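Each value in this text was obtained by applying a stated rule to the coordinates, not by laboratory testing. Just so you know, these numbers come straight off a predicted model, no measurement behind them. As a convention, Cβ positions derive from the backbone with ideal geometry for all residues, glycine included, and neighbour counts pool all protein chains shown.
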Amino acid sequence: MTTKLRPAFWLLGCLLFLALGRDFLANGRPLYCRIEGVSFWPGLRTLWANENIPYGHSTLDSIRVNNLWKSYTYESAVFAPIPFSPGEIAPPVTGRARPGDLHPELPGTFRHWLGTDDRGRDVAAGLVSGARIAVLTGVTAMAMAMGIGLLLGALAGFWGDDRLQVGRGRLWLTLLGLLPAWFYAFTARQYALAVAENSGEWVRSLAIFCGIMLLFNGLGWLLGKFPFFAKTITIPADLLIMRLAEVFNSIPKLIFVIAVAALTPQGQSIWLMIALIGAMSWTGVARFVRADLLRVRELDFVTAARGLGLPESRVLLRHALPNALRSTLIAFAFGVAGAVLLEAALSFLGFGGDEFRGKSWGSLLNSARSYPTDWWVALPPGLAICVTVLALNAIGEVLSAGRKS
């Protein structure tokens with residue numbers, strides 16, 4: 001298995017290297033420069049601060065405001081191998097630069113290694129940035145999907161339709177808490193989420209939602225001290241969750257994300273895309289986990305754990321679920337491949353506007369539509385999408401074959 005997966009892991013390792021090293025590989029600002037005897041690191045500033053914050057040095061602030069990073073004569077300077085930032089529109093030139101061309105209106109050897117698109121955006125910089133967006137979208141969205149899928153798949157597979165019993169008071173208050181939790185976490189914070197520049201606001205909303213739900217669940221536990229509310233209700237978890245999964249599977253992901261994006265034109269950020277892709281991708285993980293737990297829950301060691309009087313939650317978390325996690329790796333590999341394809345399709349269709357333009361593989365493919373003869377604009381991102389998806393699918397197929405054997 002290791003030999004078969006070696007090329008795929010090498011390709012994914014290269015992708016991860018591009019994603020993590022984007023600021024070192026493609027940067028329109030010097031990684032290091034020396035001005036009037038003082039050393040600065042403007043190209044790496046985004047690693048610890050906002051790049052638009054003034055430096056407190058008059059000359060450097062003038063360079064920043066007037067965007068003279070490449071034309072200023074430094075005492076010494078070190079630029080990235082690709083001296084253009086993703087999405088940066090270089091000074092206008094006559095025609096579009098071909099691969100390997102020097103930029104004629106900039107001093108020094110500022111070379112476009114893979115040429116530029118019709119607006120002057122460097123293709124190599126966009127290719128490196130697209131690797132980061134692909135890794136961030138695929139891994140984060142599927143991590144979210146795995147969290148949802150593990151929870152729902154465990155409920156459906158381990159407890160089935162006749163083993164999950166909840167107190168009447170806790171069930172009623174938990175369902176009642178859904179409305180205020182959604183209102184205060186998302187509806188009341190709609191403006192903050194729409195103008196959010198990072199994932200911080202979404203994390204706060206999620207924390208508010210979980211906090212309110214825990215509060216109502218705790219109140220339901222207290223209410224269960226009374227005899228009427230302490231009566232248990234059997235919930236057909238398997239039936240409800242599998243029907244919910246069928247509903248989600250019937251909705252085309254691409255159309256759903258586009259429809260939601262149309263309703264929030266000012267909030268089309270990468271974090272919204274990740275949240276939508278993750279929310280629509282949990283069904284595969286849930287089905288795998290459910291199928292394995294239906295088998296594992298009937299094995300002797302689970303029966304023995306129950307016979308010792310261990311709580312059901314401990315039997316699930318310590319004994320049953322660890323033996324059903326192998327299948328989630330299969331779903332994760334295929335899911336990341338699907339998320340990368342979906343992200344490319346969305347950015348190709350214009351999701352995110354200027355935030356993605358020239359910075360993702362899909363947006364580079366969209367730029368190639370204006371001049372189909374510019375093969376250097378379409379070929380690199382197309383190949384990047386192809387080899388990434390093929391590598392992930394190869395890992396998923398090998399894991400699936402090992403599971404069957």
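Below is a table of values for the structure above.
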quantity: Extent along principal axes [Cα atoms of the range 337-405; Å; largest to smallest]; calculated: 49, 25, 14
quantity: Karplus (6.51, -1.76, 1.60) ³J(HN,Hα), θ = phi - 60°, over the range 184-193, in Hz, Gly and Pro reported as x; calculated: 6, 7, 10, 5, 5, 10, 4, 5, 4, 6
quantity: Rg(Cα) / (2.2 N^0.38 Å) computed for the range 29-79, rounded to two decimals; calculated: 1.01
quantity: Highest-fluctuation residue, A291, A345, A259 considered, GNM on the chain with Cα pairs under 10 Å; calculated: A259
quantity: For the chain, radius of gyration divided by Kirkwood radius, i.e. Rg to Rh on alpha-carbons; calculated: 1.06
quantity: Per principal axis, descending, Cα span of the range 149-208 in whole Å; calculated: 45, 25, 12
quantity: Nearest 10 degrees, 0 to 90: helix 237-250 Cα axis against the chain principal axis; calculated: 30
quantity: Most mobile listed residue (S347, S62, S360) in the chain, GNM with C-alpha springs under 10 Å; calculated: S62
quantity: Computed over the range 283-343, the ratio Rg/Rh where both radii use C-alpha atoms and Rh is Kirkwood; calculated: 1.14
quantity: Angle between the chain longest axis and helix 253-263 axis [Cα atoms, degrees, rounded to 10]; calculated: 70
quantity: Hz values of 3J(HN,Hα) by residue in the range 288-299 - Karplus curve (6.51, -1.76, 1.60), Gly and Pro given as x; calculated: 4, 5, 4, 4, 5, 6, 4, 7, 5, 5, 9, 6
quantity: Fewest-first sequence of V387, V203, V128 by Cβ atoms within 10 Å of each Cβ; calculated: V203, V387, V128
quantity: Dipole magnitude of the chain about its Cα centre (Cβ charges: Lys, Arg +1; Asp, Glu -1), debye to nearest 20; calculated: 1160
quantity: Sum of -39500 (n - 2.57) over DSSP H runs of 4+, divided by residues of the chain (222 nm, nearest 500); calculated: -18500 deg cm²/dmol
quantity: Fluctuation leader among T174, T140, T373 - the chain, Gaussian network, Cα springs under 10 angstrom; calculated: T373
quantity: Derived scalar couplings ³J(HN,Hα) [the range 381-397; Karplus, 6.51 cos²θ - 1.76 cosθ + 1.60; whole Hz; x for Gly, Pro]; calculated: x, x, 5, 4, 4, 4, 5, 5, 5, 5, 5, 5, 5, 5, 5, x, 5
quantity: Positive-pole candidate from P54, P227, G115, dipole of the chain, charges at beta carbon; calculated: P227
quantity: Least to most buried among L329, L214 (fewest other Cβ within 10 Å first); calculated: L214, L329
quantity: Convex hull of Cα atoms in the range 99-152, direction-averaged projection (nm²); calculated: 5.0
